[in-house]
1. Considering region 673-693 alone, what residues qualify as being of a type in the set (Ser, Thr, Tyr) and touching a helix residue (DSSP H, G or I) at 6+ places or on another chain (Cβ under 8 Å)?
2. Would you confirm whether or not region 161-184 contains a residue that is of a type in the set (Val, Ile, Thr), in contact with a helix residue (DSSP H, G or I) (Cβ under 7 Å, 6 or more places away or on another chain), part of a strand (DSSP E or B) and surrounded by 21 or more Cβ atoms within 10 Å (Cβ to Cβ)?
3. Please identify the pairs in which a residue from region 123-147 that is at positive phi has its Cβ atom under 6 Å from the Cβ atom of a residue that is of a type in the set (A, V, I, L, M, F, W, C), counting only partners at least 6 apart or on another chain.
4. Considering LEU703, LEU670, which residue is within 17 Å of CYS727 (Cα to Cα) and either assigned to a helix (DSSP H, G or I) or among the aromatic types (Phe, Trp, Tyr) (or both)?
5. Which residue, of ARG91, ARG60, ARG45, is without any contact (Cβ under 8 Å) to a residue 24 or more places away in the chain and of a type outside the set (A, V, I, L, M, F, W, C)?
6. In the set LEU532, LEU515, which member is aliphatic (A, V, I, L, M) and within 21 Å of CYS578 (Cα to Cα)?
7. Could you tell me whether region 228-250 includes any residue that is modelled with pLDDT of 85 or more, touching an Asp or Glu at 6+ places or on another chain (Cβ under 8 Å) and β-branched (Val, Ile, Thr)?
8. Could you please find all residues in region 575-625 being surrounded by 21 or more Cβ atoms within 10 Å (Cβ to Cβ), part of a loop (DSSP other than H, G, I, E, B) and touching a Lys or Arg at 6+ places or on another chain (Cβ under 9 Å)?
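The values are calculated or read from the model by the stated rules, or taken from the named source; none is laboratory data. A quick note: this is a predicted structure, and the numbers were derived from the prediction, not measured. Every residue, glycine as well, gets a Cβ built from its backbone with ideal geometry; the counts of neighbours run over all protein chains shown.
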Amino acid sequence: MGGVEVGMRVVRGPDWRWGEQDGGAGHAGTVVEVGRPGSSTTPDRTVVVQWDAGARTNYRVGYQAAYDLRLLDNAPVGVKHPNHICDGCKRQAISGMRWKCSSCFDYDLCTTCYMADKHNLDHPFLRYDIVTSKGVDVGQRKTAEKLPLQGIFVGAKVIRGPDWDWGNQDGGEGKCGRVTEIRGWDNESGRSVANVTWLCGSTNVYRVGHKGKVDLKVLWPATNGHIYTFHLPVLGKQEVECGNGNEVGSASSPRSLPFSVGERVRVVVPVEDLRAMQEGHGGWNHKMAEFLDKVGVVHRITDKGDVRVQYEGYATRWTIHPQALARVTPYAPGDMVTVILDTAKVKEHQKGHGEWIEYMKSALGKTGVVARVYPDGDLRVNVEGKTWTFNPLCVTLAPQTTPFVSPPTTDHDNNNRTTDQQQEQHQQPQENEMGSTTGQTAAGNGPLSSILQQLMEPEQDSTVVDHMVREAAQGHTQALSTLLSTHPDKVDGRSSGKTCLQVACHQGHMDIVRLLLHHKASLDIADDDGDLALHYSAFGNQPEIMELLLRKNASINVVNKGRCSALHVAVNKQHAACVKVLIKYNCDINIQDSYGDTALHDAIGKESIEILELLGNSPNLDLTLRNKRGFNVLHHAALKGNNFAAEKLLLRSRQFVDVRKEDGFAALHLAALNGHRQVAETLITMGTASIDITNKKGQTPLLLAVSQGHCGVVELLVESGADIHVCDEDGETALHLALLKTSSTPPPQAHPPHAPIIMQILNDIRERGFKNVSLALACYLAQKGCSVTAANSRSKTPLDLINDTNTIDLLQSYTTQASGGSLARVDMDLKALDLAAESIRHQSLAGPSTDSSHSSTVLVRPQSQSQPVSPAKMTGEPSRVSPTPQQPMNDCNAEKVEESCGDCSICLECPAEVVFEPCGHCVTCEDCSGRVKKCFQCRAVVMSKITKDGRTVSCKSRQPSAERLKYLETKIAEIEEAHCCSICMERRRNVAFLCGHGACVICAHTLKTCHMCRKPISKKINLY
């Protein structure tokens, strides 16, 4: 079990040591946040779990080589086995994990049936976590340990939970209801929502894992049968799979391998396996086979967890599935190595590789011996009797002149990566504690002993602080009180940058916070990210502790290094109770973070109604503030489609409705561009927005909505009186934009939302063979009076964008007198005439088909006289076009060839003088015949070409030359460089800097200096 996603349902796992935080053994919870590298609150290889019982905190899924959780169900994240039927409940497409009997042929169970003891308990089973799993042997159920499963299940008594966004559907805060059903959300996920009947009588469904949200909290848990705990996968841990070839999919999902940028790696799977694994993970290119035996360097890790590898001497970088790679290390057990002296580099390299503690400083710059090389490449190094887990990048090979004798150490078990001392010093991962281990040196006598004694003095102090922080994090009040009485000066000591007060505030240990404040713990000490104790209480959703700190005069408006106040933290974490406390104590709600966002900007993006109410009702709210992208809060609401926020802001200050950004975009522009119909309607009705307001490119909301194909917004704007004849700075009208989009629109939507008229038009044109939504939109605009003859700045009318007579006929049937009257109809007839003439010319060049199923005459479909149509369709009777018949010339002589030859059908300049064999037709000159592969008249394959004087014309090869290939490759590279982000090489470049360079919006988000020219970035411009 490698992949971890929000929404997964979990229970406590093998390394659990956190008491009853989960409500007890067998109680369920939901993963609501997955850790990421560099985060101070949720480090890599940790997750945040919202337990059904109400607690919410971090747990290890590989952090410090420990695993606190097991996966109970992955159906809520959409995992399905579509080709398998549960033989227990007979349901098609097993949701979540699949359990396959190893003794019976083709016998599968879903998780519910497996845990309910369906089938023979003596039979061993294989567990398949996802479709592409190879299966994990879990053995028999007969002797396995079972636990009752409890939580939010049918029969549970619940109240509203942490992600509640549904007003008073439950009858009001504190009201309870009963779960009547657990089911999936349409086809997106399984067992992810609960049907609840409230005491007030209402019934509705609420999220319990769907998209990582939990709307409920259990008061009285229900028991949902039993579970075989040890048969469940360990969350985040890669387990040994059986490799049954009959069950192998394309590739398993990437496991969480701790590759770091700059590490050396090599592909370690056969080419056939690599080809299969690459599907969905960068794809396969036959040239990749050339690099299987080469060592590359990790260039970066993609958003999906795949590894981009750069090979020395080659410009190409390959994106490779992480399971196909292994770290290349030059070290072996017994090698002498020296730890580098650069503390900052060691701290950076140690992330995900045993982590860092201040105690490790004693090993920097010293020489030790490699005791073990782990499978992931990390090293177990013995330095002066202490053993550490190091990233290989933290050490270098040392010259070995004499045999090295390892000092005595208590770390005897080299097969266990975590020593007893490490387990004793473990803390909750949200405190970001280290994972390195130390053994105690048996100090000998002599000079070495005295040196070690001197070094141990500061280390003892550090150990005391580590102990104090650990006790504070775990809520051991008595133990911490004893330590403080012995070491009162250590009350503000730090372990990995965090103080006792900070971790206690995060964990919600009120007694410990009071104890620390009694011992004069400082409220103003910041961690490495600038977060104070008040920030930590906001991160941990501890409103009572937050209020205690504020009563003790904690600085309410202090910001961290990202310029985020505690209010920013509480809003981003959607902790409404904390927001309420901060507003109660008059915090400054207008503080802007490093991106210029206020707390209200963040709340609009999070869509929490309760928090929006709290912030929107504040009398000190400043609506004029803009973030660094130029968005005020109303712009932001329109951009995000948050209609509740838009209504709230307009009720408060309607005068901001037409305020524009620097590029001229007003709120209505943003709502139209992004298809937010409800917000656009609110801006028009409540805010009386100017419906034809233009941006700096002359674009109105209508033009933007048409350009993106947002039919519902287009209908709303047109029905609200938008000018349908308006054009942008290029002179293009709405009809121009709609017809331009017909060639690039993806497969049509079945039901364009909130667009009844366009939907009716789409249904009508489908009966005539058209399925394009943008074409239906163009017909709607023509019907409403948009001109078909208006020319843009390039002198192109909408008619010039149409290339077939059928589309002209269709558009003509919807054109009204308001669209240009009889002149427009004449123009459309002339356009149809041009297209018809071009079509007839091609038909005459190609000649009739020799297929006996086709007639020698072409019937043209009659049209009604009620509408002017193309000239070929003007009469009521079918007209006949009789092409000149041509007979195959398999046995022709030179006289017949001369009779049939005219001008070349291609260039129309030189006489046709080349006879195609075996058909015998003569239709091209010698120059034009070189690339002809099939005869124009009979469509027969040309085997040879003979001139009139008997010479054979050589065929020009279609294989491009090496120079041509090189040119094409260069052009492709230039196109990629011009349009793709030069950092990730995956997304479109849509943000520009003032220096002229740019990147995609994701990569540009964190940049402060240009990655190309290294100039400071003073402004980031979005490219639309």
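1. Within region 673-693, THR682, THR688, SER690 meet the criteria.
2. No, there is no match, as no residue in region 161-184 is of a type in the set (Val, Ile, Thr), in contact with a helix residue (DSSP H, G or I) (Cβ under 7 Å, 6 or more places away or on another chain), part of a strand (DSSP E or B) and surrounded by 21 or more Cβ atoms within 10 Å (Cβ to Cβ).
3. As it stands, the answer is GLY135/LEU126; GLY135/CYS242, since those pairs meet every condition given.
4. One residue alone meets the criteria, LEU703.
5. After applying the criteria, what remains is ARG91.
6. On inspection, the qualifying residue turns out to be LEU532.
7. Scanning region 228-250 turns up at least one residue that is modelled with pLDDT of 85 or more, touching an Asp or Glu at 6+ places or on another chain (Cβ under 8 Å) and β-branched (Val, Ile, Thr).
8. Selection gives ASP597 alone.
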